[in-house]
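Beneath this line is the structure, given in structure tokens, with notes to follow.
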Amino acid sequence: MARPLLTIMLALALLAVTWLREAPAPPNFDNVLTITPLDLPSQRQKGPFTLVGLWQLTSPNMVFGGYSALVRPSPGRLLALSDRGTTLAFSAPGASPGPVVFARVLPVNSPYQRNRDVESAAWHADSGRMWLGIEGRGTLVRMRPGRAAEVVRNMPEWRRWGSNTGPEAMVRLSDGRFVVLCECRSGWFDGVNHPAFVYHGDPAEGAAGQAFDFAGAEGYRPTDMAELPDGRVLVVMRRLVWPAPARFAVKLMLADPDRIAAGKVWTGTELADLGGPWPAEDYEALAIEELGDGQIAAWIMSDENEAVSQRVLLLRLEFSLFDLPPKQKAPG
């Protein structure tokens with residue numbers, strides 16, 4: 001057999017094994033979640049971040065996994081949202097034990113249930129509302145307290161973002177603005193810039209958006225972001241390094257929404273490369289917890305993509321606002 005053909009066949013075989021799905025199991029909808037602590041690596045410091053906790057999450061529930069967004073609906077509780085259109089509510093490690101609840105984002109009879117790939121979420125603690133970015137349709141869903149959908153709105157400005165590279169990261173800022181980043185690139189050969197919109201009101205109510213580009217790390221794509229107490233945002237950037245077996249590289253960046261300008265490029269500052277010896281997984285979900293006195297915890301969760309070679313991991317990073325680059329004056 002010719003060497004090039006043999007090489008191609010071996011590569012395809014490796015790819016098939018890497019993305020191999022688990023064998024179908026009997027239907028299981030039990031609200032059961034196991035959170036297993038893992039050993040911390042010897043190197044726990046990356047830039048300003050210290051890895052203080054590392055856990056693997058497993059469950060027999062058939063809708064478990066695929067988590068692409070994470071919010072803190074109340075102290076000690078985490079809510080993960082998946083690309084299967086489901087949610088997982090559970091108590092954060094170290095918090096008081098509470099119920100484990102799996103639920104659907106949209107009812108089965110919803111016309112949007114078929115395209116239910118939740119990739120981003122924004123939470124507003126004062127109102128208890130949550131906004132979800134749905135990939136595939138380019139749809140925004142606003143959830144009322146109690147997590148029932150009250151607004152489902154197609155977003156024409158997201159239509160060109162592609163069926164698999166949609167509104168990957170979204171945040172509601174404390175000043176009422178919304179920022180949405182696309183996982184897609186601004187051009188075929190552009191490895192840095194990503195299309196984005198800023199809304200000076202609730203996009204679910206039709207607030208007009210202004211387009212701009214977000215400049216991330218070369219070759220990386222934004223997967224989530226969350227606001228810090230000083231008004232800036234922490235952005236998770238992910239790059240697929242190799243598909244067989246799947247290996248990922250992850251960076252954390254800092255960006256200031258006060259420096260967003262319509263039609264301009266919004267730049268971020270790299271804070272840390274979360275490479276080895278930290279576990280390399282597809283980290284797509286981020287939530288921020290204020291600890292007081294400028295101390296912050298960042299909860300980061302991975303998407304196992306239904307692949308047998310990947311895991312759902314939960315990381316807790318701690319850092320100080322005072323260790324971040326100083327906030328610059330916004331352009332006048």
Over segment 142-194, the set of residues under 20 Å from Arg84 (Cβ atoms), of a type in the set (A, V, I, L, M, F, W, C) and in contact with a helix residue (DSSP H, G or I) (Cβ under 8 Å, 6 or more places away or on another chain) is none
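For (1) at pLDDT 90 or above; (2) among the β-branched types (Val, Ile, Thr), each residue gets a yes or a no:
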| site | (1), (2) |
| --- | --- |
| Pro24 | no, no |
| Ile35 | yes, yes |
| Trp55 | yes, no |
| Val71 | yes, yes |
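Is it true that Ile300 is under 13 Å from the mean Cα position of the chain (by Cα) and surrounded by fewer than 20 Cβ atoms within 10 Å (Cβ to Cβ)?
no
Filter segment 277-301 for residues that are without any contact (Cβ under 8 Å) to a residue 12 or more places away in the chain and in a loop (DSSP other than H, G, I, E, B) and give the result. Steps first, answer last, please.
In the first step, residues of segment 277-301 are kept if they are without any contact (Cβ under 8 Å) to a residue 12 or more places away in the chain; the result is 292-293.
Within segment 277-301, just Asp293 meets the criteria.
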Note on segment 122-134: residues in a loop (DSSP other than H, G, I, E, B) and open to solvent by less than 70 Å² (accessible area, probe 1.4 Å) are Ser127, Gly128
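Specify which of the listed residues (Glu281, Glu306) is within 30 Å of Pro75 (Cβ to Cβ) and either of a type in the set (Asp, Glu) or open to solvent by less than 10 Å² (accessible area, probe 1.4 Å) (or both). Outline the logic, then answer.
Details: Glu306 fails: within 30 Å of Pro75 (Cβ to Cβ).
Exactly one residue qualifies, and that residue is Glu281.
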| Can Asp256 be described as open to solvent by 20 Å² or more (accessible area, probe 1.4 Å), modelled with pLDDT of 95 or more and closer than 24 Å to Pro229 by Cα? | no
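Return the residues of segment 215-231 that are touching a Lys or Arg at 6+ places or on another chain (Cβ under 7 Å) and either outside any strand (DSSP E or B) or open to solvent by 10 Å² or more (accessible area, probe 1.4 Å) (or both); say none if nothing qualifies. Explain how you work it out, then say what you get.
Within segment 215-231, the first condition is being touching a Lys or Arg at 6+ places or on another chain (Cβ under 7 Å), and the residues that meet it are 217, 219-221, 223, 230.
Once the filter is applied, which keeps residues that are touching a Lys or Arg at 6+ places or on another chain (Cβ under 7 Å) and either outside any strand (DSSP E or B) or open to solvent by 10 Å² or more (accessible area, probe 1.4 Å) (or both), segment 215-231 yields Ala217, Gly219, Tyr220, Arg221, Asp230.
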Within segment 313-322, can one find any residue that is in contact with a Gly (Cβ under 7 Å, 6 or more places away or on another chain), of a type outside the set (D, E, K, R) and without any contact (Cβ under 8 Å) to a residue 40 or more places away in the chain? yes
Condition set under 14 Å from Ala261 (Cα atoms) and within 20 Å of the chain's Cα centre (by Cα), scope segment 191-214, selection most open to solvent (accessible area, probe 1.4 Å): answer is Asp213
Taking segment 232-253 and keeping only residues that are open to solvent by 10 Å² or more (accessible area, probe 1.4 Å), at pLDDT 95 or above and touching a Ser or Thr at 6+ places or on another chain (Cβ under 8 Å), one is left with Arg238
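The values are calculated or read from the model by the stated rules, or taken from the named source; none is laboratory data. Here the structure is a predicted model, which means the values were calculated and not measured. Neighbour counts run over all protein chains shown; Cβ positions are idealised from the backbone, glycine included. Just the protein is used for accessible areas: all its heavy atoms, side chains included, with ligands, DNA and RNA removed. Shrake-Rupley method; radii C 1.70, N 1.55, O 1.52, S 1.80 Å.
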